[in-house]
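Peer 1: Take a look at this one; I'll ask things after.
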Amino acid sequence: VVKFRRTGESARSEDDAASGEHEVQIEGVRAGLEAVELDDGAAVPKEFANPTDDTFMVEDAVEAIGFGKFQWKLSVLTGLAWMADAMEMMILSILAPQLHCEWRLPSWQVALLTSVVFVGMMSSSTLWGNISDQYGRKTGLKISVLWTLYYGILSAFAPVYSWILVLRGLVGFGIGGVPQSVTLYAEFLPMKARAKCILLIEVFWAIGTVFEVVLAVFVMPSLGWRWLLILSAVPLLLFAVLCFWLPESARYDVLSGNQEKAIATLKRIATENGAPMPLGKLIISRQEDRGKMRDLFTPHFRWTTLLLWFIWFSNAFSYYGLVLLTTELFQAGDVCSISSRKKAVEAKCSLACEYLSEEDYMDLLWTTLSEFPGVLVTLWIIDRLGRKKTMALCFVVFSFCSLLLFICVGRNMLTLLLFIARAFISGGFQAAYVYTPEVYPTATRALGLGSCSGMARVGALITPFIAQVMLESSVYLTLAVYSGCCLLAALASCFLPIETKGRGLQESSHREWGQEMVGRGAHGTGVARSNSGSQE
């Protein structure tokens, strides 16, 4: 029997809770163990040391320090990064029709302006993850933000179409690194607060999209699109200035063998939060090769990686598809009217254009507001149902709403179904952002999130061909594609081998998932384990 203190959360008796200690029976070890005397000055074997009294890991320290002033500051800073990301994405739907009219661009060039941003994001997502795993989370995030800021402002001065095409592609390349802010953020959060905090950060995405539309209402009529591009970079500028306050992830420092820096970071957080540091010595994890793509395909993570790639692909494919479909369906009135409307559109010249009206901006605004209910619903169910079931539920509801669009419904019912569908698909996206950093170990966490984000960009690249091109041929086939894709994604969510609800973040890929103590049984009984991120 090994007795140790607990820093995680799991079921235990009232007596255990009062003493803060828990006993674990190690499999394969005889119940009656003889007392063993240690020589004078001999250290207690670290396999059986009390992690609070003798040694502790970064996970123990983060749990002991808890959520406080430091995490609130980090929440705002991470939120700024997400807000900037959302504004750079939302500006595409405002910039495209404006340039279509101002520069008399044909339709394919307008579409290419949107696609090139996603190409940049897709090509860079894994690269930023690799940089973050090899050189640090702060380093990767800082470079990507400064890159995006520079080319974002520079694109406002583009003289011709070819210039803005290249510059917006480079902006997309930088945006691909913004999801690494979630990796850094998650590694500083205690287990109880992790899901709620990552979900609440997603509120900043919704705020960013709403703010971009409101900004466009005031800036576009008077100052034009160039000033909109410059002003849209303000959150990035704020983040770039404040990110020098950011510490490097203590988990990354420990994994790369930099113990002193990790302890200094943890002491700084403890001081800011007014909480005591755990007693004892910080355990240095075994140093590993970091940021290697092959690590995502080890036998333990192979299925998880492949299923997550499909889930992220389906999320972006369906989310951005719905955004494009919303405009088409609103303009047509309902699904049954869209075929006749398409025939009328075919007769128009490809250079014919219309500037966005105030009514168009209001439609964009109302559509965007549906993201807030998605955050609240996901926030309420993610710790009740677990991560896997939450993602599955979001996909099923989206698929069901898509199928209901087959019925010729009125404008009000159409709006309601589209809002419910968007709320739940955005909720599924948020649940994936919670699950992915939790399931991968520190050595591959940034790369895992980056590769998943890259697959999401592939979905975003493909979806215009379904939501716009296929829609001209058959609206019902288009809806069936989105519905079928999300049903498959719901199944993929259920088949994920690991549920991360109530678990600590895994430090090393050399241990079983969630394992924090490994001891050796006496008399050749082999390896005995106390297995769980929360030390169940």
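The values are calculated or read from the model by the stated rules, or taken from the named source; none is laboratory data. Predicted model, so just to flag it, every value in this text is computed and none were measured. Counting neighbours? That spans all protein chains shown, and the Cβs are built from the backbone with ideal geometry, glycine included. We work out accessible area using only protein heavy atoms, side chains counted, and drop any ligands, DNA or RNA first. Shrake-Rupley method; radii C 1.70, N 1.55, O 1.52, S 1.80 Å.
Peer 1: Could you please find all residues in the range 410-438 being open to solvent by 10 Å² or more (accessible area, probe 1.4 Å), at pLDDT below 85 and within 17 Å of TYR482 (Cβ to Cβ)?
Peer 2: PHE419
Peer 1: Quickly run through the range 129-167 and pick out the residues that are open to solvent by less than 40 Å² (accessible area, probe 1.4 Å), free of Cβ contacts under 8 Å to residues at least 60 places away in the same chain and over 18 Å from the mean Cα position of the chain (by Cα).
Peer 2: Residues satisfying the conditions are ALA158, LEU165, LEU167.
Peer 1: If I filter the range 407-430 for residues that are β-branched (Val, Ile, Thr) and within 17 Å of the chain's Cα centre (by Cα), do I get at least one hit?
Peer 2: yes
Peer 1: Among the residues of the range 234-248, write down those that are among the aromatic types (Phe, Trp, Tyr) and open to solvent by less than 70 Å² (accessible area, probe 1.4 Å).
Peer 2: PHE239
Peer 1: Quick check on the range 183-194. Is at least one of its residues open to solvent by less than 30 Å² (accessible area, probe 1.4 Å) and out of contact with any Leu (no Cβ under 9 Å at 6 or more places or on another chain)?
Peer 2: Checking the range 183-194: at least one residue is open to solvent by less than 30 Å² (accessible area, probe 1.4 Å) and out of contact with any Leu (no Cβ under 9 Å at 6 or more places or on another chain).
Peer 1: Here are some residues: VAL178, VAL203, VAL214. Which one is under 30 Å from THR378 (Cβ atoms), open to solvent by 50 Å² or more (accessible area, probe 1.4 Å), at pLDDT below 90 and outside the structural domain of TRP380 (by the TED database)?
Peer 2: Only one candidate qualifies: VAL214.
Peer 1: Regarding TYR185, is this residue under 26 Å from ALA84 (Cβ atoms) and touching a Ser or Thr at 6+ places or on another chain (Cβ under 6 Å)?
Peer 2: yes
Peer 1: Could I ask something else about it? Give me the pairs: first residue in the range 218-233 and touching a residue at least 24 places away in the same chain (Cβ under 8 Å) and surrounded by 13 or more Cβ atoms within 10 Å (Cβ to Cβ), second residue of a type outside the set (Val, Ile, Thr) and in a loop (DSSP other than H, G, I, E, B), beta-carbon distance under 7 Å, and six or more apart or on different chains, which are they?
Peer 2: Close Cβ pairs satisfying both conditions: LEU228/MET220.
Peer 1: Here's another thing I want to ask about it. Does THR442 qualify as being more than 28 Å from THR298 (Cα to Cα) and polar (S, T, N, Q)?
Peer 2: Answer is no for this residue.
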